[in-house]
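To start, the structure under review is shown below, and the notes come after it.
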């Protein structure tokens with residue numbers, strides 16, 4: 001693990017011996033590869049693809065239920081409700097636009113999308129986390 005403040009390699013220590021920062025504080029360097037980040041608000045390290053923001057522990061990541069997302073899409077897919085719920089905002093907006101432009105026929109997309117979610121063909125939310133069974 002690397003210090004997020006100075007990029008120094010930290011081995012089983014909570015305080016960086018180089019700069020004195022706590023191992024979880026700072027946003028200048030990637031904690032996984034030690035590379036300098038191009039800007040402080042970056043979400044994913046471009047060098048090693050490690051998630052830098054939010055909870056990195058698997059049990060702390062919010063997982064959405066496949067059933068709840070799937071049924072939201074089946075019944076309200078014309079409005080992209082299931083996609084908005086699982087943070088896939090672009091697809092949600094596109095489903096609304098297609099439904100409006102096709103005078104309602106585009107709602108079939110939302111229905112099929114819900115079936116694909118329920119069957120497990122779509123198994124990740126908009127943040128890249130797997131859906132719960």
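Every number here is computed from the coordinates shown, using simple stated rules; none is lab data. Note that the structure is a prediction, hence the values are computed from the model and not measured. FYI the Cβ positions are ideal-geometry reconstructions off the backbone, even for glycines, and counts take in every protein chain you see.
Key figures
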{"read-out": "Net lengthening on full extension, residue 32/residue 119 (0.36 nm per residue, minus Cα-Cα)", "value": "27.8 nm"}
{"read-out": "Rounded FRET efficiency, nearest 0.05, which uses the C-beta distance separating residue 101 from residue 41 and R0 of 35 Å", "value": "0.50"}
{"read-out": "Residue 112 versus residue 22: modelled label distance in nm, points set 7 Å from Cα along the beta carbon direction", "value": "5.0"}
{"read-out": "Whole-number D in µm² s⁻¹ for region 1-56, Kirkwood Cα-pair radius fed into Stokes-Einstein, 25 °C, 0.890 mPa s", "value": "223"}
{"read-out": "Degrees between helix 107-119 axis and first principal axis of the chain (Cα, 0 to 90, nearest 10)", "value": "60"}
{"read-out": "Point-to-point label distance, residue 132-residue 15, nm (Cα→Cβ direction, 7 Å offset)", "value": "4.0"}
{"read-out": "Kirkwood-Stokes translational diffusion coefficient of the chain, alpha-carbon pairs, 10 °C, 1.306 mPa s, µm²/s", "value": "93"}
{"read-out": "Contour excess over end-to-end distance, with Cα ends at residue 93 and residue 71 and 0.36 nm allotted per residue", "value": "6.1 nm"}
{"read-out": "The chain - percent relative contact order, Cα under 8 Å, separation 6 or more", "value": "18"}
{"read-out": "Using alpha carbons only: equivalent-ellipsoid semi-axes of region 66-119, gyration tensor based, whole Å", "value": "17, 12, 7"}
